[in-house]
1. How would you order 277-287, 410-420 from highest to lowest mean count of nearby Cβ atoms within 10 Å?
2. Can you find, among Ile423, Val284, Trp110, the residue farthest towards the positive end of the dipole of the chain? Put +1 on the C-beta of Lys and Arg, -1 on that of Asp and Glu.
3. Which of the peptides 146-159, 27-40 is most tightly packed, and how do the rest follow, judged by the mean count of other Cβ atoms within 10 Å per residue?
4. If each DSSP helix of 4+ residues adds -39,500 (n - 2.57) and the sum is divided by the residues in the chain, what number results at 222 nm, nearest 500 deg cm²/dmol?
5. Arranged by the count of other C-beta atoms within 10 angstrom, fewest first, what order do Tyr334, Tyr436 take?
6. I need the phi-derived Karplus couplings for segment 146-151: 6.51 cos²θ - 1.76 cosθ + 1.60, θ = phi - 60°, integer Hz, Gly and Pro marked x.
7. Which whole-Hz couplings ³J(HN,Hα) result when phi for each residue of segment 340-355 is put into the Karplus expression 6.51 cos²θ - 1.76 cosθ + 1.60, θ = phi - 60°, listed in order with x for Gly and Pro?
8. About its Cα centre, what dipole magnitude does the chain give when the only charges are +1 on Lys and Arg Cβ and -1 on Asp and Glu Cβ, stated in debye to the nearest 20?
Amino acid sequence: MAEPDKVAARHIVAVIGAATAGSEIARILAERGALVIVFEQNPRPYGKIEDGLPRWHVKQRKDEYEEINRRLDHPNVAFVPLTRLGRDIDFETLRTGWGLNAIVLTHGAWRDRPLPVEGADQFVDKGLIYQNALIYWFNHYQEQGYKGPRYDLKPGAIVVGGGLASIDVVKVLQIEMAQRTLAARGIREEMVRLEREGIDAVLQGHNLTWADLGIAPCKLFYRRRVLDMPLSDIPPDAPAKRVESLRMARTKILEKAMRKFLFEFQELRAPTGIVVEEGRMVGVQFSVTEVSDGQVRILPNRVETVRAPLTISSIGSIPEPIPGIPQKGETYRYADEKAGLLIDGPTAVFAAGNVLTGKGNIKDSLESGTEVGIRVAEAYLGLSGEQIPIADGARKEAHAEGEKIASLVDARPKLSADQVEGIVRRVRDRQQSVGYTGSFREWIAKVTPPDLQ
């Protein structure tokens with residue numbers, strides 16, 4: 001970032017969120033000569049690649065870390081870590097008080113969609129866990145310096161979901177249970193091997209079956225049919241035969257996953273109540289459903305009670321509400337959705353990435369806005385042995401969004417040297433307050449645990 005005594009007139013844009021979408025958009029703007037201030041709520045800029053993508057994707061995670069590092073280590077990018085919009089910096093102050101040309105929201109969709117049962121959320125961490133918290137724990141709990149929540153997983157857990165992310169949750173539960181039970185028998189198995197080869201194959205190598213372990217498998221409940229599971233997208237213009245073929249392929253994906261990771265599945269069940277004992281959630285009441293004309297209908301007087309020591313809700317992620325940003329239901333309200341424009345004015349506010357789509361599943365990060373094929377879904381779930389570049393789809397989408405935003409920013413008047421100097425001083429003050437010295441690579445080396453998974 002330029003020294004205050006060397007500043008010149010230029011555009012200045014704040015990007016909120018430094019991961020795949022944020023770093024790509026920052027790169028595009030920076031290469032056009034804008035000064036880009038990248039605010040990141042965490043010490044490291046890797047977002048869902050680090051905290052939401054299960055750590056068995058070892059190579060893909062490391063590759064994307066370096067891609068993000070490369071994009072942010074640009075002389076026209078000012079990285080500001082440990083700074084969360086709405087907590088450390090007020091949105092309205094940033095929008096109206098800093099004098100920026102634009103703000104681009106790329107902070108993703110991290111808020112779990114609530115389990116749709118009245119009163120359930122009072123039992124979070126008392127028998128109920130949400131997907132984002134679980135995967136964050138799974139990715140970091142083995143690090144020596146980990147200070148986040150800790151979970152004692154139990155056999156026979158319930159998972160409420162139906163998409164790729166819910167199968168990630170199922171895999172975490174099954175792999176953790178298998179590792180723990182094998183260790184009690186004196187058998188040490190690596191998580192990566194259990195995921196890559198499959199629990200069933202690893203057990204066979206020890207002349208064991210899942211039944212020999214004596215633990216109940218977890219069970220995934222889905223409110224629609226297997227045919228409706230969003231494991232792969234169906235193009236809206238696909239002919240009827242192609243639609244039917246893709247629906248049947250979803251069944252095959254699920255069956256492969258069940259054989260490899262030994263979990264159970266129940267379709268056409270929607271959570272409508274909870275079971276509570278001694279201040280803990282110990283089960284879920286599921287109503288039987290049917291799908292008619294694409295709509296889910298709960299059948300009257302058809303309720304089943306399923307007891308379990310743990311329930312994980314994995315029904316999607318949505319953007320975090322931020323005071324000052326107009327909201328429409330679970331997503332933000334746009335002045336021009338096609339351009340991703342939330343608020344016009346002297347400082348225009350845009351949204352990109354999963355903030356724009358209102359989705360937070362890994363599937364949406366893989367190929368935002370395009371078809372997620374059977375091959376991609378199977379590779380992601382570890383069913384084919386193929387390695388896929390996890391963030392390619394999200395990066396391509398962010399590139400298109402970034403080019404569009406950059407063109408709109410280019411059309412705005414540049415800020416004067418005095419205005420630039422004032423913003424640069426604000427940025428330096430915030431960097432200093434969080435201990436950031438101004439060298440991106442030095443900071444990353446400093447805040448990366450040696451045992452980061």
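Each reported figure results from applying straightforward, stated rules to the coordinates on display, with no laboratory input. Just so we're clear, the structure is a prediction, and the values are computed from it rather than from any experiment. Here the Cβ positions follow ideal geometry from the backbone for every residue, glycine too, while neighbour counts run over all protein chains shown.
1. Taking the mean over residues of other Cβ atoms within 10 Å, the ranking is 277-287, 410-420.
2. Result: Val284, furthest along the dipole toward the positive end.
3. Going by the mean number of other Cβ atoms within 10 Å, highest first, we get 27-40, 146-159.
4. -11000 deg cm²/dmol
5. Tyr334, Tyr436
6. Calculated HN-Hα couplings, in order: 5, 10, x, x, 10, 10 Hz.
7. Each residue of segment 340-355 in turn: x, 8, 8, 9, 8, x, x, 10, 6, 10, 10, 10, 8, x, 6, 5 Hz.
8. It works out to roughly 340 debye.
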